[in-house]
Amino acid sequence: MTVDDAGAPYDALPYRSSPLEWTAPERLALVSLLHGGPRVPLASPRMLELGCGDGSNLLALAWWRPHASFVGIDASATHVALARERAAALGLDNLHFEHADVRALPPQRTPGFDVIVAHGVLSWIPDDARDALLSLHHGWSTEAGLLYVDYNTQPGWSVRGLVRELVLAQTDGAGTLAQRTEDARTVAATLAATLEGGEHPWSKLLAGELRLVAEGEPSYVAHEYLAPYNRSYWRSEFKALAAAHGLAIVADADFDRASGRDDARLDAWLTAEGLHGRAVVDTSDLLRYRQLHAPILARASWTRTAPTLAELGEVRMAACLRRDDEVATRFHHPRGEQVDVDEPAIAAALLRLAPQWPRGEPLHALFDDLGEVVDDLRLLHRFGVIELRLVEPEQWARREGGALHRLEAELRGTVTDALHRSVPAR
């Protein structure tokens, strides 16, 4: 693949993008703060998205965040044309799009970006483009800038990769990308039907992977399974790759979700037992069948610095738990989880915050002695029981979805709220 034809598959069949919640600048800044990473200024952040697709992620970000500025770059002329058209229709003057291949970008750009995002890019481009992307951070970001990437991860992508090899071979030379995509879905459905109901665990696993193709949205199937490049990495392999480009991993952007939540006890047990394999994180991923990794990176020269209580005091907490009618220390989350809270200060904060949901309050306003409860709060946030935030949406956001929601409802049937979450359209 050359620089000139990098966007050709996406011109032939544009990818239907969607907003990704944890790419919001304030979300990435919070994760970095909690893990001792660089502190990202949020008064007027600048964000770049590489491989922005049709702009869906940036359109929502720019709509709700008029105080920030956004740039999207994509190798597909079709994607960029769609993104520009939609940004113009929404009247967004804090967002613009550029048509370029990452390998053709200049090494320096000023002013630098506070956040650079590359969602769904790293695994799907050749090695020279991957290296160009990782190297770009040094010349395009601020000194404290963050780089978010995600990539297909071993071992979970091993089975998915085998399915990809199958449908690639089966559809080779079958016509246009759209035709090949429909052929791939048909083949996957046929094979899945023969495996479903089987008792062997492999049959169940493979049937599930084939169903992802058979029932997948066509543009996803085309660019996930029929793309000329799709490489998966072990986490230790990616860590070494990042280090070779002068980058270090701060934390996983989705550390508070099941997809990115590490198991420290498992890692400690593997270390104690000497069951590290190629690396403890790789063995841990093997046992948990991890499929995607979404790290936040910073310059390797950065020094991890734990947040101070003063910094944490400015973090805001929001919660929607309801106290049990019979057990005073028990709370219920709307998702169904039950949480026992023995710390009176945390219980009092939960009762105070529930009527305000989704609005939160600063931790220093909720707790007289933050040091006594901060570890518990971080644990509750990690498991999604409470929310920690650096800002409240009303500090900067538009109050209505308006034209954005009308556009999103037409395109996807879902809309994006001020917290950059996809919710059903009304």
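Since every read-out is calculated from the coordinates, none of them should be taken as a lab result. In this text the structure is predicted, and so the values were computed from the model without any measurement. Virtual Cβ from ideal backbone geometry, glycine too; neighbours counted across all protein chains shown.
Points to keep in mind about this one:
- Relative contact order (%) - criterion: Cα under 8 Å, at least six apart; region: the chain: 18
- Förster radius 60 Å - calculated FRET efficiency between Leu309 and His200 (Cβ-Cβ, nearest 0.05): 0.65
- Percent of Cα-Cα distances greater than 14 Å, calculated over segment 252-309: 64
- Most tightly packed first, judged by the mean number of other beta-carbon atoms within 10 Å of their residues, the peptides 155-162, 393-400 read 155-162, 393-400.
- Stretchable slack from Ala89 to Ala354, in nm (0.36 nm times residue separation minus alpha-carbon distance): 91.6 nm
- Here the spin labels are modelled as points 7 Å beyond Cα on the Cα-Cβ line, and at Ala169 and Leu287 they lie 3.4 nm apart.
- Spin-label pair His276/Leu162, simplified geometry with 7 Å Cα→Cβ offset, distance in nm: 3.0
- Our note on the geometry: Cα centres of segment 274-335 and segment 40-110, 29 Å apart.
- Helix 235-244 vs. the chain, principal-axis angle (Cα, 0 to 90°, nearest 10): 90
- Of the Cα atoms belonging to segment 13-53, the radius of gyration and Dmax stand at 12.8, 41 Å.
- When you count the other C-beta atoms within 10 angstrom of each residue and take the mean per peptide, 56-64, 334-342, 208-216 line up highest first as 56-64, 208-216, 334-342.
- Dipole axis of the chain (+1 Lys, Arg; -1 Asp, Glu on Cβ), positive-most option in Leu50, Gln154, Leu363: Leu50
- Added length on full extension, which subtracts the Cα-Cα distance from 0.36 nm per residue, Ala264 to Ala193: 21.7 nm
- Equivalent ellipsoid dimensions for segment 272-421 as semi-axes, Å, which come from the Cα gyration tensor, largest first: 29, 26, 20
- Taking 0.36 nm per residue of sequence separation and removing the Cα-Cα distance, the Arg39/Leu212 pair yields an extension gain of 58.4 nm.
- Matching label, Kirkwood radius over Cα pairs in Å computed from the structure shown, candidates [x] 23.2; [y] 21.8; [z] 27.3: [x]
- Packing-based ranking of 71-79, 218-226 yields 71-79, 218-226, ordered from highest to lowest mean Cβ neighbour count within 10 Å.
- For segment 156-225, fraction of C-alpha pairs farther apart than 19 Å, in %: 26
- In the chain, the longest principal axis of the Cα atoms and the axis of helix 177-195 are about 70 degrees apart.
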